[in-house]
1. For region 1-119, list the helices (runs of 4 or more DSSP H) that sit wholly inside it and hold at least 3 residues that are surrounded by fewer than 17 Cβ atoms within 10 Å (Cβ to Cβ), without any contact (Cβ under 8 Å) to a residue 12 or more places away in the chain and not assigned by TED's automatic domain parsing to the domain that holds Ile133; which are they?
2. Val146: free of Cβ contacts under 8 Å to residues at least 24 places away in the same chain and either exposed (fewer than 14 other Cβ atoms within 10 Å of the Cβ) or at negative phi (or both), yes or no?
3. Which of (1) more than 23 Å from the chain's Cα centre (by Cα); (2) on the phi < 0 side of the Ramachandran plot does Ala175 not meet, given it meets every other one?
4. Please enumerate the residues belonging to region 130-149 that are out of contact with any Gly (no Cβ under 9 Å at 6 or more places or on another chain) and assigned to a helix (DSSP H, G or I).
5. State all residues of region 104-126 that are in contact with a Leu (Cβ under 9 Å, 6 or more places away or on another chain) and closer than 16 Å to Ser210 by Cβ; if no residue qualifies, say none.
6. Is it the case that some residue within region 158-180 is surrounded by 14 or more Cβ atoms within 10 Å (Cβ to Cβ), touching a helix residue (DSSP H, G or I) at 6+ places or on another chain (Cβ under 8 Å) and free of Cβ contacts under 8 Å to residues at least 60 places away in the same chain?
7. Restricting attention to region 202-252, which residues are without any contact (Cβ under 8 Å) to a residue 12 or more places away in the chain and hydrophobic (A, V, I, L, M, F, W, C)?
8. Looking only at region 184-201, count how many residues are touching a residue at least 24 places away in the same chain (Cβ under 8 Å) and either surrounded by fewer than 10 Cβ atoms within 10 Å (Cβ to Cβ) or assigned to a helix (DSSP H, G or I) (or both).
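The values are calculated or read from the model by the stated rules, or taken from the named source; none is laboratory data. Since the model is a prediction, treat every value here as computed from it, not as a measurement. For neighbour counting, all protein chains shown are included, and Cβ atoms are generated from backbone atoms with ideal geometry for every residue, glycine included.
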Amino acid sequence: MAAPVAARGLSIAGALAVLALVIVPAVDTLIDDPITAIGGLAAGLPFLVFLTWIAVAPDHADDQMTRIGVDLSEPRHLVGLAIHVAFAWIVFAGTIIRTTEALSVYLETGQHPAASREFGGAGIVFGLVLSLILFVVAAVTWLWLVDDRDLDGMVEELRLQLDGLPRGVVWGVLATLAGFVILAGVSFVLQQLGVQPDNPQADAIANALSPWSAVLVAALAGMGEELYFRGFLLDRVGNLAQAGLFAIVHATYLTAFQVILPFALGLAFGWLVRKTNLWTAIISHTLFNAVMLLVAIYASESGGLALVFPL
């Protein structure tokens, strides 16, 4: 019973933190700023319900969590679960909160917040390094603490064996070429329909980067996101769910196409990873972002325009 008691204590502390830091402030601003308030509630309530469930019925929660390999009577599992809940809060709940805050500003001013925000190349790179660390820590700590994998076991489960790298490079390049052919077709159809999707946040990011930093940004995003979404999540939640979560983390751009494209490519990457290995998705994701950003940089320098939809 010691571990369920520990789980209950951690859950009570977490639930109180969510309640005090997110739910109560969201309710207080519901009249003055309903969009931001709804975002806070949408981000906080799932965590509040989950943590309250463990706090109120730890034995029932323990029984149900065995389905995902978590045993709350095992301290290592409890630590792994706590780390992943914190990660999910930072990445997914944080995205929902930032998206609704940006949407509130857009509805009030008619401009995306990125239009008046100065992006620095070093800051963008630093942020993506932190994101990479978060994705790696979330996946590795779960594999180590909950699944009890050693390094070789982690590499195998993530489909990152080095002998699969050459195959991943070939398929990654082919997938990127196919992706751009499809994207060109979609862009042509949209132009014929008179639809010109813009992406102010992505444009601002591209304008802040040099060509070399754009390649670095593309690689950091490709490695971190593929490791977590297609390496870690794919076989746990399924292709559709991981693609949906991948799309959600791109919602801050406030552009429908920036959500639809990651969802579609997330599905494609998931299918490719199952057919080949994770290197395929890492290579393709990196190449896709690098080309997108480099085209935007050179178009800006020449006074032209380019649609930018990085993943």
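1. Details: elements: 2-18, 24-28, 34-56, 58-65, 75-88, 94-109.
Ranges flagged: 2-18, 34-56, 58-65.
2. Working: free of Cβ contacts under 8 Å to residues at least 24 places away in the same chain: no; either exposed (fewer than 14 other Cβ atoms within 10 Å of the Cβ) or at negative phi (or both): yes.
Considered against the rule, which asks whether it is free of Cβ contacts under 8 Å to residues at least 24 places away in the same chain and either exposed (fewer than 14 other Cβ atoms within 10 Å of the Cβ) or at negative phi (or both), Val146 comes out as no.
3. Looking at each condition in turn, Ala175 falls short on (1).
4. Initial filter on region 130-149 (out of contact with any Gly (no Cβ under 9 Å at 6 or more places or on another chain)): 130, 137-138, 140, 148-149.
Matches in region 130-149: Leu130, Val137, Ala138, Val140.
5. At the first step, the residues of region 104-126 found to be in contact with a Leu (Cβ under 9 Å, 6 or more places away or on another chain) are 106, 112-114, 119, 121, 124-125.
Passing the criteria: Phe119, Gly121, Ile124, Val125.
6. The answer is no; no qualifying residue exists.
7. Trp212, Val237, Ala241, listed by residue number.
8. 3
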